[in-house]
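Structure record follows, encoded as structure tokens.
All of the numbers you see were taken from the coordinates with simple rules; none came from a lab. Note that this is a predicted model, so its numbers are computed, not measured. Note that each Cβ is placed from the backbone with ideal geometry, even for glycine, and that neighbours are counted across all protein chains shown.
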Amino acid sequence: MKVLVTGASGMIGRSLSDALFARGDEVIGLSRDPGRARAANPRVEWVRWEPTLERPPAAAFAGVEGVVNLAGESIAQRWSADAKRRILESRRTGTRNLVQAIEGLERRPAVLVSQSAIGFYGNRGEEALDEGSAAGTGFDSEVVREWEQAARPVESAGVRLVIVRTGHVLDPRGGFLGELLPPFRLGLGGPLAGGAQYVSWIHRDDEVGILLWALDTDAVTGVVNATAPEPATNRELSKQLGRALGRPAVVPVPGFVLDLRFGPEFGRVARGGQRVLPRRTQELGYRFAHPRLDEALGDLL
């Protein structure tokens, strides 16, 4: 299979590309800087693309059977007015340009797997959420709603669409877990802002597994949640992470630390949480390789 991947040089994109190569697929990667991306992963065939300024070149889609859209500016930063514009447009305009390029092709790929995020649900406390739950409020929810809406017109062009709402991907090389590891390895980790908020996590292998499953399975359409079946509170996550590292995890981190680092708006979002369940993902037949947090952390660390 020949697969075009946007965001192929990112943390999830690199893991997905490796998995595609492992099963004998070809990967076309779109990047703002193909030279730099090629140095990092020379097996990918890189094509230059500025997501917010242009449609990808039609030649990049030659022979492509599936597309995975992972591109987007990092949301974990201070939300200045300019940062919020970049975060939104990298997803909304980037996805719109990708979809319009696909619509204009004479021979279109069979499927678009477009990443989304559980930020769609907003901060909902202990409420159990699944793919049928309503959208939340706030900038993070607004971004995801716009992101998903930009992908939907591809269905009218006869392309199967799967929207994958991703939780906190556990990978020691970066992201949520990568941020936590340095203090926890020093024995300085502990619950954040009281620790009662839920963390909807997923092992990187299951994140990649769901993307591949969505790519391959004709019966999978619409929204699926990429979160493990057992979300944990931040307190439980801290406890299990300390146990996996053989370190104490009893140093509480006050919530204002997040405000100091990321500013009050994103800090408030980071102190919140969602208890997201992959109901439809499981009903459609995906089987998690790492459904339990203790085992997932043990495998990664």
Q. What's the extension gain from E50 to E230 if we count 0.36 nm per residue and subtract their Cα-Cα distance?
A. 61.0 nm
Q: Can you run the Rg to Rh ratio on the stretch 236-299? Use alpha carbon positions and the Kirkwood inverse-distance Rh.
A: 1.09
(Q) Between T217 and S156, how high is the FRET efficiency from 1/(1 + (r/R0)^6) when r is the Cβ-Cβ distance and R₀ = 22 Å? Nearest 0.05. (A) 0.55
Q | the chain - share of DSSP beta bridges that are antiparallel (%, nearest 5) | A | 10
Q | Helical mean residue ellipticity (222 nm; -39500 (n - 2.57) per DSSP H run of 4+; nearest 500) of the chain | A | -12000 deg cm²/dmol
Q | Charge-dipole axis of the stretch 91-130 as Lys and Arg at +1 and Asp and Glu at -1 on Cβ define it, positive-most pick from I118, V99, L129 | A | V99
**Q.** Equivalent ellipsoid, the stretch 175-301 (semi-axes from 5 times Cα gyration tensor eigenvalues, Å)
**A.** 29, 17, 12
Q.
Quick check on packing: order 144-155, 78-89, 225-236 by the mean number of other C-beta atoms within 10 Å, highest mean leading.
A. 225-236, 144-155, 78-89
Q: Would you mind getting the Kirkwood hydrodynamic radius of the chain from its Cα pairs, rounded to one decimal in Å?
A: 19.7
Q) Once the other residues with Cβ under 14 Å from the Cβ of R48 are scored (Lys, Arg +1; Asp, Glu -1), what is the net sum? A) 0
Q: Provide the packing ranking of 133-139, 117-123, i.e. peptides ordered by the mean count of other C-beta atoms within 10 Å per residue, highest first.
A: 117-123, 133-139
Q) Taking square-rooted eigenvalues a ≥ b ≥ c of the alpha carbon gyration tensor, is the stretch 28-135 rounded, prolate or oblate, where a/c under 1.5 means rounded and, failing that, a/b exceeding b/c means prolate? A) prolate
Q: In square nanometres and to one decimal, what's the mean projected area of the convex hull around the Cα atoms of the stretch 34-90?
A: 5.2
(Q) What distance in nm lies between label points placed 7 Å from Cα along the C-beta direction at R173 and L186? (A) 2.5
Q: Just check the stretch 132-241 against the gyration tensor rule for me: Cα atoms, a ≥ b ≥ c as the square roots of the eigenvalues, rounded for a/c under 1.5, and otherwise prolate or oblate depending on whether a/b exceeds b/c.
A: prolate
Q. Using r as the Cβ-Cβ distance of R78 and A128, and R0 as 25 Å, what FRET efficiency do you calculate, to the nearest 0.05?
A. 0.20
Q) Would you list S141, S9 from fewest to most Cβ contacts within 10 Å? A) S141, S9
Q | Charge context of E265, other residues only, Cβ under 12 angstrom, K/R +1, D/E -1 | A | +2
Q) Where does the charge balance sit around T227 when Lys and Arg score +1, Asp and Glu -1, over other residues with C-beta under 11 Å from its C-beta? A) -2
